[in-house]
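**Q** Here it is, the structure, as structure tokens.
Coordinate-derived values only; no laboratory data. These numbers come from a predicted model, not from an experiment. Glycine also receives a Cβ, built like all others from the backbone with ideal geometry; neighbour counts cover every protein chain displayed.
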Amino acid sequence: MDADRLQRIWYGGAAVPWWLSALTPVYRALRGAHQLPYRLGWRRAQALGVPVIVVGNLTVGGSGKTPLVIALASALRRRGWRPGVVSRGYGGRARVPMLLDAHPDPALVGDEPALIRRRAGVPVAIGRDRVAAARRLLAEGVDVVIADDGLQNPSLARDVEICVIDGDRRFGNGRLLPAGPLREPLARLATLPLRVCNGGQPEAGETPMALQGEQAVNLVDGASRPLADFAGTPVHAIAGIGHPERFFGALRARGIEVLAHAFADHHAYRPEDLAFGDERPVLMTEKDAIKCEVFASGRCWRVPVDACLPPAFEAAVAAAVAEAARR
């Protein structure tokens, strides 16, 4: 089944085929088998000896986790902490836990960890074994670990859990994979007091988050231009993220005429992907840009965004980290 049809089923109200519904019990059984050793006490979540914050979501695809991780790392640094980030490194070739250097190769380590390392400027480790990867951070003097996309991974003990919700699409049809977009039943929300709503209209108990970006940065010479400079002229816009329409909509809201090119999340770009047969500017997300900059031309621009959160939320997270450190 193609991705567009799946999106229509999950988020557009299209009927769920019987065979997708029939596969949901299989997914539920596999998920239960993954968690069973921890529920029975045969395995235990591993503690690192420092506070651990887990940032994740209940749905597949992007919801704004990466900007939130960057914002949290920056907020903790301002308060005197030495945060580090652990990630699975999805989309990268690395097969063993590793610490990212200052100029990571996204093809090796994954696009999101590479972006976090560059933007947040904190130690980042990747690995399918999250515990082993996280322990690489401790040798770097890290005193608080942020686990990117770790809500469904029971191996790592955590002190703070934050659920990021796509404020526009919410939870789609509310069904478990593959009939719907949910990784876990919605009942899990009751165990997650820290819920961040990215865009849209936050519901009760949710903290609003807005992604703000007003500049475009050239991938070749690093020159910066206001996004307003692109208004009134057709531009190509590419997005290989979980919800490409979020990026396209943000550009349109600034008066930019968008020629949209959506790619699969974590798409491995090639030069031909940017060959549109004209010389119009190409705007892209930072996550796309970090994979395109090695072959990009001067007409390619990235659009950095920052997660804007209420100061009270950042203070609450910092207080929870301090409490966990005292324990």
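**Q** Rounded, prolate or oblate for the stretch 144-223? Axes are the square roots of the Cα gyration tensor eigenvalues, ordered a ≥ b ≥ c, and the cut-off for rounded is a/c under 1.5.
**A** Prolate is the answer for the stretch 144-223, as a/c is 1.5 or above and a/b outweighs b/c.
**Q** How big is the antiparallel share of DSSP beta bridges in the stretch 149-224, given as a percent to the nearest 5?
**A** So the antiparallel bridges in the stretch 149-224 amount to around 10 percent.
**Q** With no solvent and one equal point scatterer per Cα, compute the Debye intensity ratio I(q)/I(0) for the chain at 0.07, 0.11 Å⁻¹ and report its log10, rounded to two decimals.
**A** At q = 0.07, 0.11 Å⁻¹ the computed log10 ratios are -0.29, -0.74.
**Q** Using the basic label-point model (7 angstrom from Cα toward the beta carbon), what is the residue 214 to residue 139 distance in nanometres?
**A** Distance between the two pseudo-spin positions: 4.4 nm.
**Q** Something else about it: Under the classification rounded if a/c is under 1.5, otherwise prolate if a/b is larger than b/c and oblate if not, where does the stretch 214-304 fall, given a ≥ b ≥ c as square roots of the Cα gyration tensor eigenvalues?
**A** rounded
**Q** What distance in nm separates the two pseudo spin-label positions at residue 18 and residue 204, each 7 Å out from Cα along the beta-carbon direction?
**A** The modelled label-to-label distance comes out at 4.1 nm.
**Q** Okay, next question. Taking only the C-alpha atoms, wrap a convex hull around the stretch 115-250 and report its volume per residue in Å³ as a whole number.
**A** 177
**Q** To the nearest 20 Debye, how big is the dipole of the chain about its Cα centre, given +1 on the beta carbon of each Lys and Arg and -1 on that of each Asp and Glu?
**A** So the dipole magnitude of the chain works out to roughly 1260 debye.
**Q** Which residues' amide hydrogens lie under 5 Å from the amide hydrogen of residue 147, considering only partners 5 or more residues apart or on another chain, with H built in the peptide plane?
**A** It is 53, 54, 55, 86, by chain and number.
**Q** Give the peptides 221-232, 64-75 in descending order of average Cβ contacts within 10 Å, highest first.
**A** 64-75, 221-232
**Q** Nearest 5 is fine: what % of DSSP beta bridges in the chain come out antiparallel, could you say?
**A** 20
**Q** Shifting gears a bit: What is the set of long-range amide H partners of residue 43 at a cut-off below 5 Å, with H atoms built 1.01 Å from backbone N?
**A** 38
**Q** Right, something else. Return the percentage of antiparallel bridges among DSSP beta bridges fully within the stretch 66-211, rounded to the nearest 5 %.
**A** Percent antiparallel among DSSP bridges in the stretch 66-211 is about 10.
**Q** Still on this structure, please answer the following. Computed over the Cα atoms of the stretch 1-138, what is the convex hull's projected area averaged over all directions, in nm²? Walk me through the numbers before you get to the answer.
**A** Working: hull surface 43.1 nm².
For the Cα atoms of the stretch 1-138, the hull's average projected area reads 10.8 nm².
**Q** Restricting to DSSP H runs of at least four residues, report the calculated mean residue ellipticity at 222 nm for the chain, -39500 (n - 2.57) per run over all residues, nearest 500 deg cm²/dmol.
**A** So the helix-based figure for the chain works out to -9500 deg cm²/dmol.
**Q** Calculate, in whole percent, how much of the Cα-Cα pair population of the stretch 55-131 lies beyond 15 Å.
**A** The share of Cα pairs beyond 15 Å in the stretch 55-131 comes to 53 percent.
**Q** For the stretch 169-327, what does the alpha-carbon gyration tensor say about shape, rounded, prolate or oblate, given a ≥ b ≥ c as the root eigenvalues, a/c under 1.5 as rounded, and a/b over b/c as prolate?
**A** Prolate shape, in that a/c is at least 1.5 and a/b is the bigger ratio.
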